[in-house]
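Some notes on the structure that comes next.
Nothing in this text is a laboratory measurement; each read-out follows from the coordinates by a stated rule. No experiment lies behind these values; they were computed from the predicted model shown. Backbone-built Cβ (ideal geometry, glycine too); neighbour counts: all protein chains shown.
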C-alpha cells in the first residue's frame, strides 16, 4: 500500500495543478490516439486473434505499432524469435525515451520508474520533453514534472485502451474501409514530425522510410527490420563523421564568407 500512496498514480500527483495541465495538453491529440487504438483493436480480431487474446495484448503490451507488427506474424505462424525481434525493434524508440527521462526520474524507487516507463507513450513523452527541457532542480520542481507526466500518461492510457477495447468488441461490425487505419497513420505521422528536431533525426526517418519501401517484398514484414537496421547504421556513421564534415565545410573554399 505504501507504494501506491507515493506512486505514479498517487492522490498527491492527481491533485497537483500540473496533472491537469498534462492531461489538457494531451487532450488535443487524444482523438488521434483513440482512432489508432480503435483501429488496432479491430485489426487484432480481424487478423485472427480471439477477443480474449486481443484484450490481453492491448492491456499488457500497450504498444500499437508492436501489436500490429506481431499479429500478422503470429497468424502466419512465424517463429517466436521473429515475432519477438520484430516487436522489439519496432519499440526501440522507447529505449531512447527512457534514456532521456532517466535524469528526471532517477530519484524515484525502482517500482515507480518501471510503472512510469510502462505508461509513458509517444505523445506523452513528446509533450513532456517540450514542456520540461531540463530535469527539476528542487523537490517541488521534480514533483511538478512527475504530476505533469502522470496526467499526460493517464489520459493517453485511457484514450488508447478504451478505444482499443471498443474496437475489439465491435471488430466484426466495423468495416476497415472506414479509413480508421489512415487516421492512425496520421496520428503516428504527427509524432514522427514532432520528433524530427535535428538533422540526424530527419536523416534517420528518411533512411528508414526509404529502406522500408525498397524492402517491401520481404516476407513476414522483415522490411521493418531492414529499415531499422539501415537507419541505425547510417546514423551511427553520420554521427561519428559529423566533426570531420564540419571541419570540411569550414575549409578554405568557404572564401571567408559568413
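For the pair residue 107/residue 88, report the inter-label distance in nm, with labels modelled 7 Å from Cα in the Cβ direction. It is 3.5 nm. If the chain linking residue 52 and residue 170 were pulled fully straight, counting 0.36 nm for each residue of separation and taking away their Cα-Cα distance, it would gain 41.2 nm. Ranked by the mean number of other Cβ atoms within 10 Å of their residues, highest first, the peptides 119-126, 35-42, 49-56, 91-98 come out as 35-42, 119-126, 49-56, 91-98.
Fully extending the segment from residue 217 to residue 137, taken as 0.36 nm per residue of separation minus the present Cα-Cα distance, adds 23.7 nm.
Set the Förster radius R0 to 25 Å, insert the Cβ-Cβ distance between residue 20 and residue 60 as r into 1/(1 + (r/R0)^6), and round the FRET efficiency to 0.05. Here the calculated transfer efficiency is 0.30.
What FRET efficiency do you get for residue 201 and residue 76 if R0 is 22 Å and r is their Cβ-Cβ distance, rounded to the nearest 0.05? Approximately 0.10, to the nearest 0.05.
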